[in-house]
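Visitor: Take this structure first; my questions come after.
The values are calculated or read from the model by the stated rules, or taken from the named source; none is laboratory data. All values derive from a computational prediction rather than experimental measurement. Every residue, glycine as well, gets a Cβ built from its backbone with ideal geometry; the counts of neighbours run over all protein chains shown. Surface areas here come from the heavy atoms of the whole protein model, side chains and all, with no ligands, DNA or RNA. Shrake-Rupley method; radii C 1.70, N 1.55, O 1.52, S 1.80 Å.
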Amino acid sequence: MTRDDADAAGVDDRADERRRLLLHVAASSPHSALELSARLMRSRQAVQEDLDALMTEGRVHLHEGNLHAAAGARIIAEAPDAQLRELFDQVLAELESGTSARPATLVALAEAGCHDAALLRLLVRAAGDRQEDAGLLAALSLVVRARGESESEVALLRAADAAGRGRADAVLALTEPLFGSASEAVRARAAILAAGAHMQGNRLEQASALFEHAGRGRAGTDAVWAVVAAIGRGDVEEARRWRAAMGAASLTSRDAGFADLADGLLLSVEGAGDGALDALARSVSTLAPLGAGVVMFETPAALAALIAIGRGEPATAELLLERALRAEMGGESGRRRHLLLISWALMVQGRMDAAEARLRDLGSRQALCDRDLLLHWCLIAGIARRRTDSAGMRDAWREIRALTFGLQMTLYDLLPLGEMMVVAARLRDADRMRQMTTSAVAAMERLDSPIAWSASVSWHGVQAAFQAEDPAALIPHANALVRAERISPYAATLAQAGQIWLSVLRREADFDSVEASVRALAAVGHVWDAARLAGQAALQHPERETALSMMQLARSISNEHERETTREVKSSALTAREQEVARLVLDGQGYRAIGARLFISPKTVEHHVARIRSRLGASSRGELLERLHDILAGGDRRA
C-alpha cells in the first residue's frame, strides 16, 4: 500500500468514526463525550474533538444539557439496520444495568425506531417520575402503538408502576377511566390495581368490591390480594373462596409465592397459627429473586413480620424483612414498609438507637400511604414512650389523632393499635382510643380473636390498664391471655408476666418470681418490657437489698440482649452437612423441601435442625434464625 493509499484509508476511517458518532447523537441524545467514549470505544479527548468540529459545522448542537443532531431523522434513515440495532441493544443494556435514564435519551430512542419491551419499561418508569412531560408521554404512546398495543395498555402499565411506588392516588386516576373499557381483561386488571390502591389506604371494603368486579375467573393468582383484603376485614370464609379461585397449580415462581402467601395468611387465623410463618417464609424465599418486578400491595415479608412480632419472634421478623429489603421486594412501597417494620422489631427488642437509625433510612414520610403513615407515627410515639420523652409522645399522639379521623383500621393495624392503647392510657385519652380501634377489634373478633394476631393486643391492653390504673380494664385482656395459654406458649408467658406485674404493683412479688417472668419476657422478644418490669419491681419493693437486686436484673437483661445482638458466632460450630441444612432453613425452606434438595428424609432434616439448635443454644425458632443469620451471613461477608 502506498502512502497515498494509506492516507485515503485513514480519511475513510475518520469519516466512518464521525458517521458513527453522528448516529449515536441522533439516536440517543447523549449527555457528553464521556458517555459516548465508552460506547464508541474511543478516548474521551478524541470524541470531544470530533464533537467540537461537528458543533462548529452546525451538524450537532447542545439543547437542555443533551446533544442533538441537526439532521437526525435523515442520519437514522440512512444507517444500516444492523448498526442501528447494535446501537439500541448497547444503550438499552446500559440503561437496564442501572445507568440513569435521561428523558431525552428515551425519547430519542423511541423516535429512532426502537420499540423494545425494555424501552417500554423505561419510558413507563420515566413517565411516573415526570407525569407532566409531554415528550415522554408522546414517546410512550409511539412505542406502544408500534408494538400493536392499545392506549389502555399504556394506562395499565403506568398504573402498575405507580402501584410499585405506593402512589395510590395516581393508580386510581389512571385506572378509573378503564372501568368502562370494552375489553373484559382491561376492566379486570384495572379493578385489581385500583383495589390494591384502596388496600394501601386501608379501604378494604372498597377493595373487596373491586375484586368482585374483576371476577374470580379473571383474577388468577392475583386473587391473593382478595384473600389479604378479606382476612383484613375479618371474613375468613370469603378469603377461602378467593383462595380456591387461585387454583392448586403453581407453574411459576410468582404463582407459587402467591399461593404460599395466601395459605400462610389463612393458617395465621386458625388455632395458634402454626405453620403460618413457615408458609410466609417460603413465599419470601420464592418471590425474592423476582425483586421489584412483581407488583405487590402487601408483601409476604411484611405479613410474616406482623405475625412474628405478634408471636414473640421479633428477631425472625427482622431477618425476613432484611431479606425482602435486599431483594427490593414490593418496589419502593415495599422498601418503605419493610424499613418501618424492621424499626418496630428493633423497638420491641429495646434497641432504640437502631430503631431510630432505620427510621432515618426511610427518608421523607411524604410518600407514605395512610396505612404506613399510621405505623410511622406509632413508632415515633413508641420510641418516645420507651425513652420517657413525654413531649415527643404527645406530639406523635396529636399526629395519630389527626390521621385516624376517617381511617378505617384493619387486622393488619393491630401492631400500631397496641402501642396506641398504651400511649392513650399514658396521656389519659382513652375515649378517643375506643373510637379509633372499633373496626380493627371487630375484624379480630369476627375471626374469633386468632392468637397469632390477638395475643400482642391483649398484652398491650394489660399494659394500658396498668398505665391507667384501671383494674376493670385489665380483666378482659388478662382473661384472653389465660384462655390462649393452653395452645400458645407465647400467650402463657404474657399471661404469667401480667400476673407478676399485678403482684408487683400490689407489692406482693418476690425476687425469684419476678426474675423468672423477666427472663421469660426477654426470651420472647419483649426485652424493653422485661427490663421495665424489673425496674418497676425495684421501685415497689420495700426491702433495699431486694430492690437493688431487681435493679441489677433490669440492667443485666438489657446488657445481655445488647451483647447477644452484637456477638459473632463461628460457622465452625456446625458440621458441613449442618451448614447446608442451616442455609436452607434460613432461606425459609421446610423439612420436606430441604430433604428433597439434599436427598435425605424429612425426619433426618428434623434431627439435623434439633442438633443445630442444641449446638447454638437456641431456645426458640426466632433465636435459632437469628443465630444462623449471625453465622452464615457473617461468614459470607468475611469470605
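Visitor: Counting only Cα atoms, I'd like the Rg/Rh figure for the range 155-244, Kirkwood definition for Rh.
Guide: Ratio of gyration radius to Kirkwood radius for the range 155-244: 0.95.
Visitor: I'd like the accessible area for D133, computed on protein heavy atoms only with a 1.4 Å probe and all protein chains in place. Round to 10 Å², please.
Guide: Counting only protein heavy atoms, D133 exposes about 40 Å² to solvent.
Visitor: Does a label point 7 Å from the Cα of T388, set along Cα-to-beta-carbon, have any residues of the range 509-532 with amide nitrogen under 16 Å, and which are they?
Guide: In the range 509-532, the label zone of T388 (backbone N under 16 Å from the point 7 Å along Cα→Cβ) covers 528-532.
Visitor: Separate question: For the chain, what is the calculated [θ] at 222 nm in deg cm²/dmol (nearest 500), taking -39500 (n - 2.57) for each run of four or more DSSP H residues and dividing by its residue count?
Guide: It lands at -23500 deg cm²/dmol.
Visitor: For the range 93-159, what relative contact order do you get, as a whole percent, if you take Cα pairs closer than 8 Å and at least 6 residues apart?
Guide: This gives 32 percent for the range 93-159.
Visitor: Over the chain, what relative contact order in percent results from Cα pairs under 8 Å that are six or more residues apart?
Guide: It comes to 9 percent, rounded to a whole number.
Visitor: Could you order peptides 33-46, 217-230 by the average number of other Cβ atoms within 10 Å of their residues, highest first?
Guide: Ranking the peptides 33-46, 217-230 by packing returns 217-230, 33-46.
Visitor: Something else now. Can you report the principal axis dimensions of the chain using only the alpha carbons, biggest first, rounded to whole angstrom?
Guide: 107, 59, 55
Visitor: Can you list which of the GluC sites (Glu not before Pro) found in the range 61-95 are DSSP loop residues with at most 12 other C-beta atoms within 10 Å?
Guide: Of the GluC sites (Glu not before Pro), the ones in loops of the range 61-95 whose Cβ has at most 12 other Cβ atoms within 10 Å are E64.
Visitor: Give the relative contact order (percent, whole number) for the range 213-283; include only Cα pairs under 8 Å separated by 6+ residues.
Guide: That works out to 28 percent.
Visitor: When ranked by the protection proxy of mean other Cβ atoms within 10 Å per residue, highest first, what sequence do the peptides 586-596, 292-302 form?
Guide: Highest to lowest by the protection proxy: 292-302, 586-596.
Visitor: Heavy-atom accessible area of L67 with all protein chains present, probe 1.4 Å, nearest 10 Å²?
Guide: Accessible area of L67: about 10 Å².
Visitor: What are the principal axis extents of the Cα atoms in the range 195-286, in Å, biggest first?
Guide: Taking max minus min along each principal axis of the Cα atoms, the range 195-286 gives 31, 30, 22 Å.
Visitor: Enter the Cα centre distance for the pair the range 486-559 and the range 439-458, rounded to the nearest angstrom.
Guide: Taking the Cα centre of each part, the range 486-559 and the range 439-458 sit 26 Å apart.
Visitor: How big is the range 311-371 on each of its three principal axes, counting only the C-alpha atoms and giving the largest first in Å?
Guide: 28, 21, 19
Visitor: Place the peptides 192-202, 395-405 in order of packing, highest mean first, counting for every residue the other Cβ atoms within 10 Å and averaging per peptide.
Guide: 192-202, 395-405
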